[in-house]
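Encoded as structure tokens, the structure appears first; notes follow it.
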Amino acid sequence: MPDKTIRKLTTLLEKGYLNEEDMTLLQQVVERFPLAIPEKLSALIDQADAEDPIKLQYVPSIQELEISEAERADPIGDHVHEVVKGLIHRYEDRCLFMPVQVCAVYCRFCFRREEVGFASNTLTQPERERAFAYIEAHPEIREVILTGGDPLILKPCVLQEMLQRLSEIPHVEVLRIHTRIPMADPSRITDDMLAALTLKKALFIAIHANHAKEFSEEVILALEKLVKHGIPLISQTTLLKGINDHIDALSDLMRMLVKHRIKPYYLHHADLAKGTSHFRTTIAEGEALMRALRGRFSGLCQPTYVLDIPGGFGKVPIGPQYLSCDHEGSITVQDYQGHQHVYETLL
């Protein structure tokens, strides 16, 4: 294990986030799954709270060594649809472009946790050109989603070059960036970064946030910079046991997102990544939370609850369902309070 990773573990131990008796096992964890926590993000952790939502998301746990038979190295089937290195074409009208596999922080539940953390996997210029060439040769691709890794960890000049190159492809109408940077390392949202994000074509940024506590003053300032720069923001959240799997925490997060002009987009059911079973709820629990959220807040606060089907078969909404139909075609609708109503129709 690299000395740098050992120092990271030692630092967490010194701060009281880890137990010394677990260090041998934790070294096994970080040998397999990368570790990085920016200083300002770790400063948000309440050392006295064993269930602190920041700590649970980013500080390694020996539970990560518990790997079930159902868990996979590639839980959503990225490699099944990888057409050239770093480019995944799963859906006809859009593709994932992964120029880098490094992040500012490594989430302990990440579905790409066995792929990320290696700077050597950053695409070379010839590899990027092959990805551009594929997109140019497929006019059905209207949207390119930059992910990874975290695209905003790239130098602004490198990111700008890629975005401009993509925006010059006539049939590409929308660019989207998936990132943790504004939450994990907001200091990277500089004037140079904002300049790199200035495009004539539509650009959306999907912010990954899982708990309202992540919204520090610096994070809020970084988000405001993006909003004032005219970039529409949407959100991605992973449903995580012990972190946001109760209605108060989920409600606070959705309210916080909307308050800062971020439209809740997806609530992901946690994927079958290796060593992450302690984070997963049941789908029934997720559906119950979505019902409760619907009863409390307007449509602005409602993400779509989705499951990425293992094996590369795509993302699907998984409820809850409010309609039922009997054998005679009679439709019953359930309201947000659980009451049943017959829906009369002439069809």
**Asked** Looking only at the stretch 111-132, which residues are farther than 15 Å from V158 by Cα, among the hydrophobic types (A, V, I, L, M, F, W, C) and surrounded by 19 or more Cβ atoms within 10 Å (Cβ to Cβ)?
**Response** F111, V116, A131
**Fill in**
Within the stretch 251-310, the residues that are in contact (Cβ under 8 Å) with a residue 60 or more places away in the chain and either polar (S, T, N, Q) or touching a Cys at 6+ places or on another chain (Cβ under 7 Å) (or both) are A273, T276, S277
**Item:** Sole exception among (1) surrounded by fewer than 20 Cβ atoms within 10 Å (Cβ to Cβ); (2) within 19 Å of the chain's Cα centre (by Cα); (3) more than 30 Å from A273 (Cα to Cα) for L226, by number
**Value:** (1)
**Asked** Is there a residue in the stretch 154-163 that is out of contact with any helix residue (DSSP H, G or I) (no Cβ under 7 Å at 6 or more places or on another chain), over 24 Å from T124 (Cβ atoms), assigned by TED's automatic domain parsing to the domain that holds E224 and not polar (S, T, N, Q)?
**Response** no
**Request:** Return the only residue of P60, P99 being buried (at least 20 other Cβ atoms within 10 Å of the Cβ) and either in the same structural domain as L154 (by TED's automatic domain parsing) or free of Cβ contacts under 8 Å to residues at least 24 places away in the same chain (or both).
**Result:** P99
**Prompt:** Do any strands (runs of 3 or more DSSP E) lying entirely in the stretch 255-347 carry at least 2 residues that are within 30 Å of C95 (Cβ to Cβ), and which ones are they?
**Reply:** 262-269, 304-309, 314-317
**Message:** Quick check on my filter: what residues within the stretch 184-202 are surrounded by 20 or more Cβ atoms within 10 Å (Cβ to Cβ) and touching a Ser or Thr at 6+ places or on another chain (Cβ under 9 Å)?
**Reply:** P186
**Message:** Being modelled with pLDDT of 95 or more and farther than 30 Å from V80 by Cα is the requirement here; does H269 meet it?
**Reply:** no
**Asked** Does any residue of the stretch 139-146 turn out to be surrounded by fewer than 21 Cβ atoms within 10 Å (Cβ to Cβ) and modelled with pLDDT under 95?
**Response** no
**Prompt:** Going by the conditions given, is F297 assigned by TED's automatic domain parsing to the domain that holds K241 and under 19 Å from the mean Cα position of the chain (by Cα)?
**Reply:** no
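Listed here are the residues, each with its yes/no results for (1) surrounded by 12 or more Cβ atoms within 10 Å (Cβ to Cβ); (2) under 22 Å from P53 (Cα atoms); (3) at pLDDT 95 or above.
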| position | (1), (2), (3) |
| --- | --- |
| T281 | yes, yes, yes |
| E287 | yes, yes, yes |
| R294 | yes, no, no |
| D308 | yes, no, yes |
| P320 | yes, no, no |
| T332 | yes, no, no |
**Subset tally (residues that are touching a strand residue (DSSP E or B) at 6+ places or on another chain (Cβ under 7 Å) and under 30 Å from H81 (Cβ atoms)) for the stretch 313-338** = 6
**Item:** Tabulated pairs, the stretch 188-207, first touching a residue at least 12 places away in the same chain (Cβ under 8 Å) and within 20 Å of E173 (Cβ to Cβ), second among the basic types (K, R) and part of a strand (DSSP E or B), C-beta under 6 angstrom, 6+ apart or interchain
**Value:** F204/R176
**Message:** Just to be sure I understand the filter: pairs with C-beta atoms under 8 Å, separated by 6 or more residues or on different chains, first member in the stretch 115-143 and in contact (Cβ under 8 Å) with a residue 60 or more places away in the chain, second member among the hydroxyl-bearing types (S, T, Y). Which pairs pass?
**Reply:** V116/Y106; G117/Y106
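The values are calculated or read from the model by the stated rules, or taken from the named source; none is laboratory data. Everything numeric here is computed off the predicted structure, so don't read it as measured data. Neighbour counts are summed over all protein chains in view; Cβ atoms, including those assigned to glycine, are modelled from backbone coordinates with ideal geometry.
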